[in-house]
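Below you'll find the structure, written out as structure tokens, and then a few comments.
The values are calculated or read from the model by the stated rules, or taken from the named source; none is laboratory data. Small disclaimer: the values here were computed from a predicted structure and weren't measured. When we count neighbours, we look across all protein chains shown, and the Cβ atoms used for this are built from the backbone with ideal geometry, even at glycine.
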Amino acid sequence: MKLVNRLACAAAFCRILLASVTSVTTVGYAADKTFITIGTGGPTGVYFVSGNAICRMVHKDAAEGRKTGRKHNIRCSAPSSAGSTYNIAQITEGEFDFGVAQSDWQYHSYNGTSDKVTNNKDLRAVFSVHPEPYQLIAAKNSGIKSWADLKGKKFNMGNPGSGQRATTELLMERYNTPKKYFSLVTEMTSSEHSTALCDGKIDAYGYVVGIPNSGVAVATEGCGAYIVNLDTEVERGLISEFPFYGPVSIPEGAYTSTTEPVKTFGGYATIVTSAKVPEEVVYEVVRAVFENLDDFKALHPAYSILTPEGMIKNGLSAPLHPGAVKYYKEKGMM
């Protein structure tokens, strides 16, 4: 099945997933039930799927527990939201119990290093979900095999204020490749760059996004574009310097032109909570996901490369919540 069809299926599944979760969470429960809310993202995005997938695992675990005698009383909802910084703000205010957040915003919130996100020393990490790698997409006949090969090329660095622009500027600085290194520098948005690549208006662009992505598929399937390996001392240095970055391997088959794994780096979508959320609640949520990880991974193509080892460390900079630590130690993961 072509990638675009798989992505369409994933979008359709979002609607099914929401319906299945809503059918559970809107039922009136007894007073002894514990209700939790997970902040997500826009209703068409992977953050929304992630929150609702966690809720689905929590409800699945509860249903199986009723059969075996191992019960928990947690019920879960995952509404759409404005995303990372909003979720962290709502966790800080006690409106959300959990939230999906980019790993860099997790770092900045806990450490107070950005005025664009609420400073919260009570923020706690739970686990990471899908990677959001930096992807250097090159035109089919561009001859670009590395960052150095961008010399004299037409390059889109992304629109001001975007994540791809910020990361591209960081790479330009570390590689010592100012704008004059390229024959042309553009500032297109993510809705424009793939079409521009296929039309020959640019030779390459950088993009920070989960895998797979329909926009990248437009370029790879539409005009044979490919992802360039970024695995030099520059990227490894960034991973060492910034705890919200980690290594990412884009798997073979992620796109039609990805005939072997591609190494790069990037941040992660992470699950965060508050130190004020009870240990037993976080423990049960973590247990529900990790005990049903194969089922969880089947809920979106972006989860296909998840491993327990990576989920408990990649992109996590705030302290782990004690409830998460309890489960990881029980399973010998820490």
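Mind checking which residues of the stretch 90-123 are of a type in the set (Gly, Ala, Ser) and either over 30 Å from residue 61 (Cα atoms) or touching a helix residue (DSSP H, G or I) at 6+ places or on another chain (Cβ under 9 Å) (or both)? Result: 99, 101, 109, 112, 114. Quick check, is residue 247 out of contact with any Leu (no Cβ under 7 Å at 6 or more places or on another chain), part of a strand (DSSP E or B) and not basic (Lys, Arg)? Taking the combined requirement at face value, the residue satisfies it.
Number of residues in the stretch 65-94 that are modelled with pLDDT of 95 or more and either on the phi > 0 side of the Ramachandran plot or loosely packed, with under 14 Cβ neighbours inside 10 Å (or both) equals 2. Candidates in the stretch 105-140 are the residues that are among the hydrophobic types (A, V, I, L, M, F, W, C) and in a strand (DSSP E or B); of these, the one that is farthest from residue 243 (Cα to Cα) is 138.
Step by step: first the residues of the stretch 36-54, then only those that are within 22 Å of residue 131 (Cβ to Cβ) and at pLDDT 95 or above, then the one that is surrounded by the most Cβ atoms within 10 Å (Cβ to Cβ). Which residue is that? It comes out as 51. Across the stretch 271-293, not a single residue is classified as out of contact with any Ser or Thr (no Cβ under 9 Å at 6 or more places or on another chain), of a type in the set (Asp, Glu), surrounded by fewer than 17 Cβ atoms within 10 Å (Cβ to Cβ) and farther than 30 Å from residue 62 by Cβ.
Would you confirm, using the coordinates I've provided, whether residue 261 is within 25 Å of residue 83 (Cβ to Cβ), without any contact (Cβ under 8 Å) to a residue 40 or more places away in the chain and not assigned by TED's automatic domain parsing to the domain that holds residue 326?
Criteria not met by residue 261.
What number of residues in the stretch 141-183 are assigned to a loop (DSSP other than H, G, I, E, B) and under 20 Å from residue 198 (Cα atoms)? Counting residues in the stretch 141-183 that are assigned to a loop (DSSP other than H, G, I, E, B) and under 20 Å from residue 198 (Cα atoms) gives 14.
Against the conditions (1) touching a residue at least 60 places away in the same chain (Cβ under 8 Å); (2) within 27 Å of residue 65 (Cβ to Cβ), residue 301 satisfies every one except (2).
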